Every structure is written in structure tokens, then in C-alpha cells.
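Following: one structure in C-alpha cells, then a few remarks.
The values are calculated or read from the model by the stated rules, or taken from the named source; none is laboratory data. Remember, it's a predicted structure, so these values are computed and weren't measured experimentally. Here the Cβ positions follow ideal geometry from the backbone for every residue, glycine too, while neighbour counts run over all protein chains shown. The protein model used for the area step is the full one, side chains on, heavy atoms only, and it has no ligands, DNA or RNA in it. Shrake-Rupley method; radii C 1.70, N 1.55, O 1.52, S 1.80 Å.
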Amino acid sequence: MVNMNFVYEARKEAIKGVKKGQGGPFGAVIVKNNKIIAKAHNTVVSGNDPTAHAEMNAIRKAAKKLKTFNLSDCELYSSCEPCPMCFSAIYWARIKKVYYVATRNDAAKAGFDDANFYEILSGKKKASTKMIKINDKKELEEFNIWAKKQNKKLY
């Protein structure tokens, strides 16, 4: 069940970031056992980091605080529908529920248009970034070392 207090905290984070001039109007909180573990806002501008979206920042903080990369027992509340990058991080963190307020269309109206990414991911459009495979005699060396490693932690 959605807890509106967590929604309001995510929105307060978004406003805080905007007022500080740190980035776009996005905020997120991560909750475990009905308690806020981490809260963050977008810091793309202040940190000169294109990956510093609110959800990414909150995931980093929560993982550090909980000392785990697996946040499967957490939920994420966001002021806006996560972009494809943030969704990927949420998925990798194993977060099972995401609650959000504004939609990607609302974000697009404010100048944050992810439509291009969704078109590329759906195969409707080709990415302008060129991906070039390099052939190397030892191209699988690191994977072979990983495969032989004892006591590795899979994720």
C-alpha cells in the first residue's frame, strides 16, 4: 500500500534540489520496513554527472547504508516515473516496487524528454552512439579469471 508520507518526502527532495540549483525537479526515497533508508534528489548539474538522477543517488546511498547491493527488501518512491537508466539501476538493485507521481509525459512537458531512449530500447529507432566491437587475442581473459574465482559473489 502506498504511504503518502514517503511520496511527500520524495517530492520535498525534488523541490530541495531545484531550489539549490543542483539539477532537475526529481526526488526519490528508498524505504525498508516502513522506514526511510535513503533520500536524494537530482544532482546532475551541481555534480557535472549525467548519471546523478534522484533514483541513482538514492540507490547509492541505500546500498552504502545497508552495506549490500541487493535492495530486494526495499521500495522506491519517486517524484517522477524513472527514466530508462534509473529503471535499469532499480532492476539491478532488485527493488520490487516503485511508486511514482509524475509520468514521463509530464517530465517531457517540462523539458525532460526520454522519448528518444524509449524508441531506441523498443527498436523503433537506432542509437546515434556507435558501438564498435574490438577483437583481441585475450578478450575473454577477465571472464575466465572470474569463472575460476572461488568465493565470488554473484549479483
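Tell me, yes or no, whether the range 141-150 has at least one residue that is over 30 Å from residue 81 (Cβ atoms), assigned to a loop (DSSP other than H, G, I, E, B) and open to solvent by 70 Å² or more (accessible area, probe 1.4 Å). The answer is yes, given that some residue of the range 141-150 is over 30 Å from residue 81 (Cβ atoms), assigned to a loop (DSSP other than H, G, I, E, B) and open to solvent by 70 Å² or more (accessible area, probe 1.4 Å). What number of residues within the range 36-53 satisfy the criterion of being buried (at least 17 other Cβ atoms within 10 Å of the Cβ) and assigned to a helix (DSSP H, G or I)? So the answer is 1.
Note on the range 95-124: residues that are open to solvent by 90 Å² or more (accessible area, probe 1.4 Å), in a loop (DSSP other than H, G, I, E, B) and either over 13 Å from residue 84 (Cβ atoms) or at pLDDT 95 or above (or both) total 2. Taking first residues from the range 103-124 that are β-branched (Val, Ile, Thr) and partners that are open to solvent by less than 70 Å² (accessible area, probe 1.4 Å), the Cβ contacts under 8 Å between residues at least 6 apart in sequence or on separate chains come to 103/80; 103/81; 120/127. Assessment of the range 54-69 against the conditions (assigned to a loop (DSSP other than H, G, I, E, B), within 16 Å of residue 28 (Cα to Cα) and modelled with pLDDT of 95 or more) yields no matching residue. Only one of the listed residues (85, 56) is without any contact (Cβ under 8 Å) to a residue 40 or more places away in the chain and open to solvent by 50 Å² or more (accessible area, probe 1.4 Å). That residue is 85.
Just to be sure I understand, how many residues within the range 1-35 are in contact with a strand residue (DSSP E or B) (Cβ under 6 Å, 6 or more places away or on another chain) and surrounded by 17 or more Cβ atoms within 10 Å (Cβ to Cβ)? Counting residues in the range 1-35 that are in contact with a strand residue (DSSP E or B) (Cβ under 6 Å, 6 or more places away or on another chain) and surrounded by 17 or more Cβ atoms within 10 Å (Cβ to Cβ) gives 14. For the range 66-78, indicate whether the set of residues that are open to solvent by 90 Å² or more (accessible area, probe 1.4 Å) and free of Cβ contacts under 8 Å to residues at least 60 places away in the same chain is non-empty. The answer is yes, given that some residue of the range 66-78 is open to solvent by 90 Å² or more (accessible area, probe 1.4 Å) and free of Cβ contacts under 8 Å to residues at least 60 places away in the same chain.
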